[in-house]
2 protein chains.
Amino acid sequence: MGEPMDIGKKKSPSISDVAALAGVSISSVSRYLNNGEHLTSGKKQSIARAIQMLDYHPSILARGLANSRSNTIAFFAGRDLLYGVVDCIRGVEDAAIKAGAMVNVVLFDEQQNFDSISQTIKSTLSTNPLGIIINQPRYGAACDEILRDAPEDTPVVLVGGNRRPGQCQLFTHDDEGGYAITKYLLSLGHQVVHHVAVPENDEAQTRQSGWRKALEEEGIPVPPPYIASWDPKDAEKIGWELGQEDGVTAVFVGNDEIAMGVMRGLHSVGKRVPEDISIAGFDDNPIAGLSIPSLTTWRQDFELFGAGAVKLILNRVNGSAEVENDAPYNIGDNSAQLVVRESTAPPPSSHGSMK
Amino acid sequence: MGEPMDIGKKKSPSISDVAALAGVSISSVSRYLNNGEHLTSGKKQSIARAIQMLDYHPSILARGLANSRSNTIAFFAGRDLLYGVVDCIRGVEDAAIKAGAMVNVVLFDEQQNFDSISQTIKSTLSTNPLGIIINQPRYGAACDEILRDAPEDTPVVLVGGNRRPGQCQLFTHDDEGGYAITKYLLSLGHQVVHHVAVPENDEAQTRQSGWRKALEEEGIPVPPPYIASWDPKDAEKIGWELGQEDGVTAVFVGNDEIAMGVMRGLHSVGKRVPEDISIAGFDDNPIAGLSIPSLTTWRQDFELFGAGAVKLILNRVNGSAEVENDAPYNIGDNSAQLVVRESTAPPPSSHGSMK
DNA sequence: CTGAAAGCGCTTACAG
DNA sequence: CTGAAAGCGCTTACAG
């Protein structure tokens, strides 16, 4: 009974197998696994050897049950997975794996009925996650639900989205980027910079607010921004309009894909980029380097972002709350920067200024 | 002792709370949860009500432990997440949620040392997943390891990648697509179609083999394909070369992003697309509609693909093996199709054929 | 149809 | 330092 040489190869070894092989109690193995304290080095060694020989891996399930704290980080995001989110997930996965944790990616369909979303959230939470990351919580209801259901001692980190007072929340450099890009365009000699905004709530810290600030600083009247949708066709239409408007020589577009759509619209009315009109995007989506012309844009390191969220969770779990809940937090300051490519240039010879 | 009115709001209710409230045994609640058989309708109702009132959700952890089968599907993919994989994940998530299952997305870094990957795999498997999906197993070692460690009764579905005999494996329509695109280009009047291949093993059923077949069918000598890397810069260089070669009027490129790189190279030597050279891509990446000119390409429904993988797993779990392990499987035949856009046209007036 | 009991694999006080 | 025991929340034979 309990011979270590079973033939049925697939039943994976449990902690009791290890204990038996090492000749110690289950408790000791557990201690070894968790911190290694209070153990004779002799026992330590034999346990280590047993684990080694058996190729033992603790059951995440059992641990989670016993601990009421599983070794998993729940990552929630909308199913549309806009650019940036994927990189963020990658950053989360990498950081989690390094810390020996798993990631549970949960995508909720923002169109879906709330009940279904709520079910998913509750099931996920029944997993006793170590911590929770919510990416770009644009869909308020789902975010609310998660926040409501999460146990009080489970750290939650929001990434992007509207500011939610009282929550630990990471922000991208949207405002800073919008400001920098606009400044750059002005420095090229443009009299004014127009803006095509991504569909988002007009909050204080956005690409749009950065653009606005840069203009106001120079005393330039702020033209009404165009509001794009996520549909590229709309972007084309906007480009088509912009191309026919007078005095437009520089446009800062809220993201790279929309910028490409705008360029198509411009092209359709015979405007050249950057000879006639300069275009700048945002994000540094890999495609920004592939368009003709390639796009000047603002790069952000979303992987670093995801990694940062994991770090915050781990810190909290370990008791050190590096960030106050009520203070938004910008991460990785050296990871964001202007990337100048082919789509921006000085304005066409500036005769005829309307001064 | 056991009053249902605890104030501490966050401790979520367990099956015993439900049993107590409903006035039945835990076993009965469990039966209700699992199939609803052998229960008086009276009991059923009171259990239902109790679940309702308590907002009870079974613990995935405990279920997984007790069942040696958790309600989770493990999805493995390389961390680079090439286009298509993200859509596939989405399809997997949707289908899983509909079936009441969770998805555990695990990204392994193909550069990483094998030990680390192996650890991650074993931890994931310790979760007793319902089934396993491995996306594009390009990194053989990781795939081998998963296959080795997976319990025999856990269904594994491979998505794409090199054919692994004996495994249940889903394939995209690469061969068919390559064939169709090449045929289309020939039908436009081009004498020959060149090919820029994505970096992949040259197996039987690829975009490249489809291209080859189409050419051979017409008795056209097959020119040596260019082999691209995943680096767009290389694609530009290839475009630059192609633009200077004689007699090149049509190029089928193995994926949309690389096609955009090729177009940049062509543009840099003054070749116009499609007036001088027709370009076709592959995948119907959203960016294919945004380039100037927009790309003719071959669309595949990767979401359907992911959903198909889930369906296969669920079928197996339920005992009905719809697909034989030793037969590769193409899914969703009506989901793949040629998409004609602006980048393809008849060849420039065909005087001077080298016949 | 239904309940008491054992077990899934671990952790955590509790006694040595 | 170390082990026996109870418990985490569920499921599954086993007896009614």
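The values are calculated or read from the model by the stated rules, or taken from the named source; none is laboratory data. In this text the structure is predicted, and so the values were computed from the model without any measurement. No Cβ is skipped: glycine too gets one built from the backbone with ideal geometry, and neighbour counts run over all protein chains shown.
Select, from A:Q191, A:Q205, A:Q167, the only residue that is within 17 Å of the chain's Cα centre (by Cα) and more than 17 Å from A:Q300 (Cβ to Cβ).
Answer to the check: A:Q167.
Do you know which of the residues in the range A:20-43 that are part of a helix (DSSP H, G or I) and among the β-branched types (V, I, T) is nearest to DNA strand C (Cβ to nearest atom)?
Per the criteria, the residue is A:I26.
Just to be sure, is A:A250 in contact with a helix residue (DSSP H, G or I) (Cβ under 9 Å, 6 or more places away or on another chain) and either within 11 Å of another protein chain (Cβ to nearest Cβ) or closer than 23 Å to B:W230 by Cα (or both)?
Numbers: in contact with a helix residue (DSSP H, G or I) (Cβ under 9 Å, 6 or more places away or on another chain): yes; either within 11 Å of another protein chain (Cβ to nearest Cβ) or closer than 23 Å to B:W230 by Cα (or both): no.
Spelling it out, it is not the case that A:A250 is in contact with a helix residue (DSSP H, G or I) (Cβ under 9 Å, 6 or more places away or on another chain) and either within 11 Å of another protein chain (Cβ to nearest Cβ) or closer than 23 Å to B:W230 by Cα (or both).
Of all residues in the range B:55-67, which are surrounded by fewer than 18 Cβ atoms within 10 Å (Cβ to Cβ) and either facing chain A (nearest Cβ under 9 Å) or in contact with a strand residue (DSSP E or B) (Cβ under 7 Å, 6 or more places away or on another chain) (or both)?
Within the range B:55-67, B:D55, B:A62 qualify.
Applying the selection to the range A:223-237, what residues are surrounded by 16 or more Cβ atoms within 10 Å (Cβ to Cβ) and of a type outside the set (G, A, S)?
Across the range A:223-237, the qualifying residues are A:P225, A:Y226, A:I227, A:P232, A:D234, A:E236, A:K237.
Please go through (1) among the hydrophobic types (A, V, I, L, M, F, W, C); (2) within 16 Å of DNA strand D (Cβ to nearest atom); (3) in contact (Cβ under 8 Å) with a residue 12 or more places away in the chain for A:L61 and return the number of the only condition it doesn't satisfy.
Failed condition: (3).
Only one of (1) facing chain B (nearest Cβ under 9 Å); (2) charged (D, E, K, R); (3) away from DNA strand D (no atom under 16 Å from the Cβ) is not met by A:E110, so which one is it?
(1)
Looking only at the range B:74-84, decide whether some residue is within 8 Å of another protein chain (Cβ to nearest Cβ), basic (K, R) and closer than 26 Å to B:D283 by Cβ.
yes
Considering only the range B:44-81, how many residues are in contact with a helix residue (DSSP H, G or I) (Cβ under 6 Å, 6 or more places away or on another chain) and near DNA strand C (Cβ under 8 Å from one of its atoms)?
So the count comes out to 2.
Could you tell me whether any residue of the range B:44-54 is within 11 Å of DNA strand D (Cβ to nearest atom), surrounded by 15 or more Cβ atoms within 10 Å (Cβ to Cβ), among the hydroxyl-bearing types (S, T, Y) and modelled with pLDDT of 90 or more? Spell out the reasoning first.
Taking the range B:44-54 as the starting set, the residues that turn out to be within 11 Å of DNA strand D (Cβ to nearest atom) are B:51, B:54.
Subsequent filtering for residues that are surrounded by 15 or more Cβ atoms within 10 Å (Cβ to Cβ) retains B:51, B:54.
Now restrict to residues that are among the hydroxyl-bearing types (S, T, Y): none.
Scanning the range B:44-54, I find no residue that is within 11 Å of DNA strand D (Cβ to nearest atom), surrounded by 15 or more Cβ atoms within 10 Å (Cβ to Cβ), among the hydroxyl-bearing types (S, T, Y) and modelled with pLDDT of 90 or more, so the answer is no.
Quick check on A:S12: is it within 15 Å of DNA strand C (Cβ to nearest atom), within 11 Å of chain B (Cβ to nearest Cβ) and at pLDDT 90 or above?
No, not satisfied.
Taking the options B:G84, B:G91, B:G100, name whichever one is in the same structural domain as B:L312 (by TED's automatic domain parsing) and within 12 Å of DNA strand D (Cβ to nearest atom).
Result: B:G100 is the single residue among B:G84, B:G91, B:G100 that is in the same structural domain as B:L312 (by TED's automatic domain parsing) and within 12 Å of DNA strand D (Cβ to nearest atom).
Residues of the range A:44-61 being of a type outside the set (V, I, T) and assigned to a helix (DSSP H, G or I), which ones? If you could, list the steps in order and put the result at the bottom.
Within the range A:44-61, the subset of a type outside the set (V, I, T) is A:44-46, A:48-50, A:52-59, A:61.
A:K44, A:Q45, A:S46, A:A48, A:R49, A:A50, A:Q52, A:M53, A:L54, A:L61 - these are the residues of the range A:44-61 that are of a type outside the set (V, I, T) and assigned to a helix (DSSP H, G or I).
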